[in-house]
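Undergrad: Below: one structure in structure tokens.
We did not get these values from a lab; they are worked out from the coordinates using the rules stated. Everything numeric here is computed off the predicted structure, so don't read it as measured data. Glycine also receives a Cβ, built like all others from the backbone with ideal geometry; neighbour counts cover every protein chain displayed.
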Amino acid sequence: MRLKRITSAVAVSLVAASLAGCGGNEETSGGAAEDVTLTYWASNQGTSLENDQEVLQPQLDAFTAKTGIKVDVEVVPWSDLLNRILAATASGEGPDVLNIGNTWSASLQATGALTPFDDATMAEIGGADRFLAGSLAATGAPGQPPTAVPVYSLAYGLYYNKSMFAEAGITEPPATWEELVEAGKKLTTPEHWGMSIEGGSVSENIHNVFVFSEQQGGSFFDDAGKPTFDTPENVAGIKQYLDLIQTDKITNPSNAEYSNGTEALADFASGKSAMVMWQAAAGSLEELGMDPADIGVAPIPAPSGAAEDVASIVAGINLAVFDNSEHKPQALDFVEFMTSTPTQIQLNKTYGSLPAVTEAYSDPAFQTEAVETFKSILDDKAVPMPAVPEESQFETLVGTAVKNMLAQAASGTVVTEQAISEQLAAAQQQLAG
Amino acid sequence: MITVDPAPEAGTEARTGSTPVRAPRKRKRQWLPYLLLLPVVVAELLIHIIPMVIGVGMSFLELTQFYVRNWTAAPAAGVGNYRFVLQFDEASGKALLHSFWTTVQFTVIVLALSWALAMAAAIWTQHAFRGRGLVRTIFLVPYALPVFASVITWSFMLQRDNGMVNHVLVDQLHLTDERPFWLIGDNSFWALIVVEVWRLWPFAFLALTAGMSSIPAEQYEAAAIDGAGVLRSVRWVTLPNLRSVNQVLLLVLFLWTFNEFTVPYTFFGKSAPEQADLISMHIYQNSFVTWNFGTGSAMSVLLLLFLLAVTAVYLLLTRKKDVDA
């Protein structure tokens, strides 16, 4: 902190000296203002960090050509992004513009490190009504100005292998969870399993059980933001997930150790499983060698008689401006550019995600069957993760508990409702710290 | 000058019997040692002492995500963080206690295995034979490999369906019908021990080999003349000569293993299975992953106190034996 103050003091005196030297030459100072370089931390959306760099660079060049503002992009892997943001928050030295996972929005909003988009700021970047309402809901706690805007929208869908379904004589994707389990049993053969899951991944686990618990009418936080982990609905939601391995036996127990975020998808692509619950993945599946004609996608079905027909969380990536940025007006220009219709079309087309602004859907690239499925999920069947400051802790604690319970189920011990309830109570107690 | 500790000066005077008249000249010369010490004192302060003091300070703050941006605004928690982590009848305290015991068992087993392996290998390569250089080099390979690459390779080898270990155990040797899990469940503890021993023992081997090279050959000859076999000469010649090496080696191995973070983090990712939840991973989970730096610091301070206590007791005990011998 003190070092920063000294540095800024030195910087201020240098600027003062140079201004004095210039004798108030307005042209020079005007020129200096244009010579701004923004630092942008991009999340990894493409197939590799290099791929992201290649995809983003033409857009950044276009922005520089238009405004004269240079952008220095750094693609940060997901495993580091949150830690880097926390470190930047603690030190005050960070990027000007950054990508965040939209489920972190409320947690990061609470740190005060991100610039709030109040009505005036929102108007500067073209207004709030340009954005998809569902995605805009996942940008911060309700009742407070959002601290980010959506840039790439995503939702979970049920991917199924069309030719395996046809072979098993199933003509339609499952419309209820019971139908899904039944189809899964038919599709579990010595060659392949009904469903693959990324059971060792904390984030995949929490996203899945959150949706299942919403279907049951459950909730992990009450309206006042108090944790309510240990409820019968949440237990039922988690049990539905564990039962894939322990009762229905349509998921390979080995899936419990899948943790690097690609293994379940790779199993689906290579025909080791007939279904997988994943965020928009057609591009990755083709890259993994899957025949596009085999790829089918449908909303994840709810159990019959479900309380809510929920199929996904509101997933996606948000764009935020770091509050310590010394170039806020330019940073906002960049946010406006990144959420402008042409850029949205170009980037989301390449990444296989959905545009965050409604106008972009007029492009033919987003009028395919798969995109329409995802857009309808996002419009009608998606709920945001809890918008509470403890969201990250909640994801970690409950996601880890589910991971451990899956491991237990995989090694042959049945996890009872009683045991799930105890795990949830323990997770909630740890949140209190 | 004034802050200089008078004790060594008094000692010097007593030994040399110098008169008070000569004292000023001696004092002038005493600048140099302190000047030479200065860099290390500054470095020690910057690298160890100040971060440690900050860490202790943090443990008394309610340092959650609301305050990471401005630590000075974080409200004082008093001993609240300590009370929270030490409430052993609640889930958080139980988890910490469980993690602590897991780490104690892990450390004891890793230490015993690494030391025994290293000792055996060092004795084997103590006397020259054809190919000794090659054998020693092979033994040191795990220590020379980058941690990340080697531990990731281990995790691939230990996968349930496609891993090499299960391929050999189940498909080729037919030892079990059911494919065991190694990365999750009860076996994960033992899998982690194997990887840690594999990483650690070459260092012990290196230290013991160096120690053994300074044992005079005459002692072994004398033992042989007295009719001692291999076991007896190890017991009565090698081990006593390695006393001081072993004293330091075991302490260092203990501290490294107890604090081990890189290996489990690479092996399991962000969250380790309950059965292999080592204390440093547990603390990481409770501060970085859940954004609660106050409780994380409190746990770290408790860990520091524990390690300090163990080290002090260990050094006291082993020094006493030195005097007895």
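Undergrad: Once you've got the Cα coordinates, tell me which of A:K162/A:K403; A:K239/B:K94; A:K239/A:K272; A:K349/A:K375; A:K186/A:K249; A:K239/A:K403 are over 22 Å apart.
TA: From the list (A:K162/A:K403; A:K239/B:K94; A:K239/A:K272; A:K349/A:K375; A:K186/A:K249; A:K239/A:K403), the Cα-Cα distance tops 22 Å for A:K162/A:K403; A:K239/B:K94; A:K239/A:K272.
Undergrad: Still on this structure, I have one more. Between A:S411 and A:E172, what length in nm is gained on full extension when 0.36 nm per residue of separation is reduced by their alpha carbon distance?
TA: 82.7 nm
Undergrad: Order these peptides, A:203-212, A:42-51, B:280-289, by their mean beta-carbon neighbour count within 10 angstrom, highest first.
TA: In descending order of packing, they fall as A:203-212, B:280-289, A:42-51.
Undergrad: So what's chain A giving for Rg/Rh, alpha carbon basis, Kirkwood Rh from the mean inverse pair distance?
TA: 1.02
Undergrad: Still on this structure: Please average, across the residues of A:81-88, the number of beta carbons from any other chain that are within 10 Å of each residue's own beta carbon, and give a whole number.
TA: The per-residue average across the peptide is 2.
Undergrad: Can I ask one more? Going by average Cβ density within 10 Å per residue, which order do the peptides B:259-267, A:52-60, A:277-285 take, highest to lowest?
TA: Ranked from most to least packed, the peptides come out as A:277-285, B:259-267, A:52-60.
Undergrad: Over what distance in Å are the Cα centres of the stretch A:82-134 and the stretch B:120-190 separated?
TA: That distance is 46 Å.
Undergrad: Sticking with this structure for a sec: Based only on Cα atoms, what Rg/Rh ratio does the stretch A:75-190 have, Rh being taken as Kirkwood's radius?
TA: Radius of gyration over Kirkwood radius for the stretch A:75-190 works out to 1.18.
Undergrad: Can you give the FRET efficiency for A:D309 and A:R84, using 1/(1 + (r/R0)^6), R0 = 35 Å, r = Cβ-Cβ distance, to the nearest 0.05?
TA: 0.40
Undergrad: Run the simple label-point estimate for B:A309 and B:V135 please: 7 Å along Cα→C-beta, distance reported in nm.
TA: Going from the B:A309 label point to the B:V135 one covers 4.4 nm.
Undergrad: Treating only the Cβ of Lys, Arg, Asp and Glu as charged (+1, +1, -1, -1), what charge dipole size does the stretch B:104-200 show about its Cα centre? Round to the nearest 20 debye.
TA: 580
Undergrad: Right, here's the next one. Find, among the trypsin sites (Lys or Arg not before Pro) in the stretch B:128-184, those assigned to loop by DSSP (not H, G, I, E, B) with at most 16 other beta-carbon atoms within 10 angstrom.
TA: Answer in residue order: B:R130.
Undergrad: Write out the GluC sites (Glu not before Pro) in the stretch B:158-230 meeting two conditions: DSSP loop, and at most 15 other Cβ atoms within 10 Å of their Cβ.
TA: B:E178
Undergrad: How high is the relative contact order of the stretch B:229-297, given as a whole-number percent (alpha carbon pairs under 8 Å, six or more residues apart)?
TA: Relative contact order for the stretch B:229-297 comes out at 18 percent.
Undergrad: Also, I was wondering about something else. Treating the stretch B:91-324 as a set of equal point scatterers at the Cα positions, no solvent, please give the Debye-formula log₁₀ I(q)/I(0) at q = 0.08, 0.12, 0.17 Å⁻¹.
TA: Log10 of I(q)/I(0), two decimals: -0.39, -0.82, -1.26.
Undergrad: Please report the spacing between the Cα centers of the stretch A:382-417 and the stretch A:184-208 in Å, no decimals.
TA: Centre-to-centre distance over Cα atoms comes out at 16 Å.
Undergrad: Okay, next question. How many Cβ atoms of partner chains, on average, are near each residue of B:283-296 if near means within 10 Å of its Cβ?
TA: Across the residues of B:283-296, the mean count of other-chain Cβ atoms within 10 Å is 4.
Undergrad: Taking a cut-off of 52 Å, what percent of all Cα-Cα pairs in the protein assembly as shown are separated by more than that?
TA: Every Cα pair in the protein assembly as shown considered, those over 52 Å come to 25 percent.
Undergrad: Counting other Cβ atoms within 10 Å of each Cβ, which trypsin sites (Lys or Arg not before Pro) in the stretch A:97-188 have at most 11 and sit in a DSSP loop?
TA: none
Undergrad: Let me ask you something else. Please report the net charge: other residues with Cβ closer than 14 Å to the Cβ of A:A382, K and R +1, D and E -1.
TA: Around A:A382, the charge tally is -3.
Undergrad: Let me ask something else about it. Pairs of alpha-carbon atoms within less than 8 angstrom and 6+ residues apart define the contacts here; what relative contact order does chain A have, in percent?
TA: 24
Undergrad: Within 10 Å of each Cβ in B:273-280, how many Cβ atoms from other chains are there, averaged over the peptide?
TA: 2
Undergrad: Which residue, B:L36, B:L192, B:L253, tops the fluctuation ranking in a GNM of chain B built on C-alpha contacts under 10 Å?
TA: B:L36
Undergrad: Order of A:136-146, B:291-301 by packing, highest average Cβ count within 10 Å first?
TA: Highest to lowest by the protection proxy: B:291-301, A:136-146.
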